[in-house]
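One structure below.
The values are calculated or read from the model by the stated rules, or taken from the named source; none is laboratory data. From a predicted model like this one, the values you see are computed outputs, not experimental measurements. Cβ atoms come from the backbone with ideal geometry, glycine included; neighbour counts cover every protein chain shown. Accessible surface is based on the protein model in full, side chains and every heavy atom, while ligands, DNA and RNA are left aside. Shrake-Rupley method; radii C 1.70, N 1.55, O 1.52, S 1.80 Å.
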Amino acid sequence: MGRAAGVQPTFTPQVPSASRASGNRVFLDRADVLYKERSDSFMVVSGNVVFTKGPMVMKCDSAHYYPTVESFEAFGNVSMEQGDTLFVYADELNYMGPDEICYLYADPGNKVRLINRDVMLRTDVFTYDLRTEVGYYNVGGELTDRSNRLTSIEGEYIPATKDANFYLNVHLNSLSESDTLDIYTDSLFYNTASHIAELYSPSRVVNARGTIFTANAFYDTDADTAALYDRSVVATPEGRYVVADTIYYRRPQGTARCYGDMLMADTVRHTELLADYGFFNQHTDSAYATGHLLIKEYSQGDTLYLHGRQLNAYRVIDTVTIEAIEADTLLGTPAVPESFRLDTTHVADVWPRVRFYRSDMQGICDSLRVTRADSTVRLYVSPVVWSGERQIFGNVIELHMNDSTIDRARLPQFGFTAERLVDDFYNQMSGKEMIAYFVGGHLSRLDINGNVELTMFPEEKDSTINKMVTAQSSFMRADFADNAADRIKMWPETTGKATPLFLVRRSMLFLPKFRLFKGVRPLSAADVFIIPEEMERLMREAERPLPERADD
């Protein structure tokens, strides 16, 4: 049937049968103007241009549209929107249909911006893969969320999982006004929901309390806690550091738990602590360690090696001062002046089965306490100290240190010193209280107060020994030269005798409390870890609890 004269034909748009939710198709939804030259492979569209691909809506001022390959080049006020959570803004966008990849560009002075709720990513050139929903850059970029700012040369972001990966010159900086957290590395994996950073390359974590060096770590930037692996190092501004196979670090609490081959060092005091497990608290200046424990002190060049099964170090406040303040308060006396400061000191306890070795001194005891305030090392429960051929033992031994060198030793309850001359001949002295003074590491003077007894084998002028001298008194002072008694004074009354050597019987050679501790003396640095059965037996005979802590 023919068409009536003068009637224009009507063209009805054909709506594609493909679903618009289809994941791999692009549709030109609208444009104010569409223009195409016969020779061109693309259409020119302009004015409120809208493309869609699945849930992604892409807008621009104008575009070159290639319908046969479902690709386009967009210009001016470019945006990509997915729901109400993901927005990308740029000055130019190239979409490659076969690959389903968008390339976004910013004009000079502008930045491509990706916004995903509280996350913003800024860069000059941004690539977004619509198939995998992953965006990335390699010309330098910055990502910020409510907690941190991250910059890097290369990076990628996955909006669906909130995962972000950064490479080359990576810097994470906390946005908190009260925080100083900075992380520097070359590869960092980060989640913008949990704000946890994963580090897998040599990294430096810096904050006001110190620096962490690690190549394998998880750092929770909100909680300021970290799980550190593979011999990471935590260093403090005071010159201390700790390294271990695994460290769990809690910055707000200032604590670290260390597992596996731990080394805790103080470079100022020239000490090292090695153990299988350790814990330290920066706030309370305290530490605990156990398992193959070894303490090394090397301030004087000759290293001291000390072993016990566990160590507890802590800071204490002068309890006498506190009690005085409380008493004054109850009596209604004036408030403590602002200039008043409580006395504090640092204490370290090592126990049990303590053994130590230095080339000029060795010793054993069952518990040991170091008090920094008075620079004193106290040895409890069957303590024995050796120096050369001299052996000293008592109930308690107090060693006063001066720059890690003993300048005074006190045995307040009972003391016995024996110096071996040859075979079974020993110069011996004992008493209720014994105080020894040292100069340059050598015994220079010995004071004994109460129940003084001595047995001596004095040398004649020709260096021979032909008699044994025994004496008893209440007090004694002995001056030494070259570690040998040079002059002895006893008072107020002295009894004794000299016996020719050929008349001395073996039963006369030793004072009543003489005891030779064979087989328990540490002979090397490695020997401090070996607890002989003789030492176990000795400690069991006299074992008692560690003295009460100074702050109990």
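So here's what we get for this one:
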read-out	value
Residue ID - farthest from residue 300 (Cα to Cα), chosen from residues in the range 388-399 that are free of Cβ contacts under 8 Å to residues at least 40 places away in the same chain and open to solvent by 20 Å² or more (accessible area, probe 1.4 Å)	395
Residue list for the range 98-112, restricted to those being charged (D, E, K, R) and closer than 15 Å to residue 77 by Cβ	107, 111
Failed item, numbered, when residue 424 is tested on (1) surrounded by 20 or more Cβ atoms within 10 Å (Cβ to Cβ); (2) modelled with pLDDT under 95; (3) over 30 Å from residue 298 (Cα atoms)	(1)
Among the candidates 147, 174, 178, 152, residue that is of a type in the set (Ser, Thr, Tyr) and surrounded by fewer than 16 Cβ atoms within 10 Å (Cβ to Cβ)	178
Residues of the range 279-303 satisfying the condition of being assigned to a strand (DSSP E or B), closer than 19 Å to residue 372 by Cβ and not basic (Lys, Arg)	280, 281, 286, 287, 288, 289, 295, 297
Per-region count, the range 395-435, residues closer than 24 Å to residue 468 by Cβ and in a strand (DSSP E or B)	16
Residues within the range 436-454 that are in contact (Cβ under 8 Å) with a residue 60 or more places away in the chain and open to solvent by less than 20 Å² (accessible area, probe 1.4 Å), tallied	0
Tabulated pairs, the range 475-504, first in contact (Cβ under 8 Å) with a residue 60 or more places away in the chain, second assigned to a helix (DSSP H, G or I) and not hydroxyl-bearing (Ser, Thr, Tyr), C-beta under 9 angstrom, 6+ apart or interchain	none
Among residues of the range 259-299, those that are among the acidic types (Asp, Glu) and at pLDDT 95 or above, counted	3
Hits in the range 222-256 - residues which are of a type in the set (A, V, I, L, M, F, W, C) and closer than 20 Å to residue 271 by Cβ	233, 234, 235, 242, 243, 244, 247, 256
Selection status of residue 519, exposed (fewer than 12 other Cβ atoms within 10 Å of the Cβ) and at positive phi	yes
Every residue from the range 235-285 that is among the charged types (D, E, K, R), open to solvent by less than 20 Å² (accessible area, probe 1.4 Å) and farther than 23 Å from residue 206 by Cβ	none
Members of the range 455-473 that are assigned to a strand (DSSP E or B), touching a Phe, Trp or Tyr at 6+ places or on another chain (Cβ under 9 Å) and open to solvent by 50 Å² or more (accessible area, probe 1.4 Å)	465, 467
Check on residue 361, open to solvent by 10 Å² or more (accessible area, probe 1.4 Å) and more than 18 Å from residue 528 (Cβ to Cβ)	no
Matching strands (runs of 3 or more DSSP E) fully within the range 101-216 where at least 2 residues are within 22 Å of residue 86 (Cα to Cα) and of a type outside the set (Ser, Thr, Tyr)	101-105, 112-116, 119-123, 125-129, 134-137, 141-144, 148-152, 154-158, 163-174, 182-191
Selected residue (criterion: farthest from residue 204 (Cα to Cα)) from residues of the range 126-144 that are touching a residue at least 24 places away in the same chain (Cβ under 8 Å), open to solvent by 10 Å² or more (accessible area, probe 1.4 Å) and aliphatic (A, V, I, L, M)	130
Within the range 1-55, tally of residues that are open to solvent by less than 90 Å² (accessible area, probe 1.4 Å), modelled with pLDDT under 90 and more than 30 Å from residue 132 (Cβ to Cβ)	7
Where residue 528 falls short, out of the listed (1) over 51 Å from the mean Cα position of the chain (by Cα); (2) part of a helix (DSSP H, G or I)	(1)
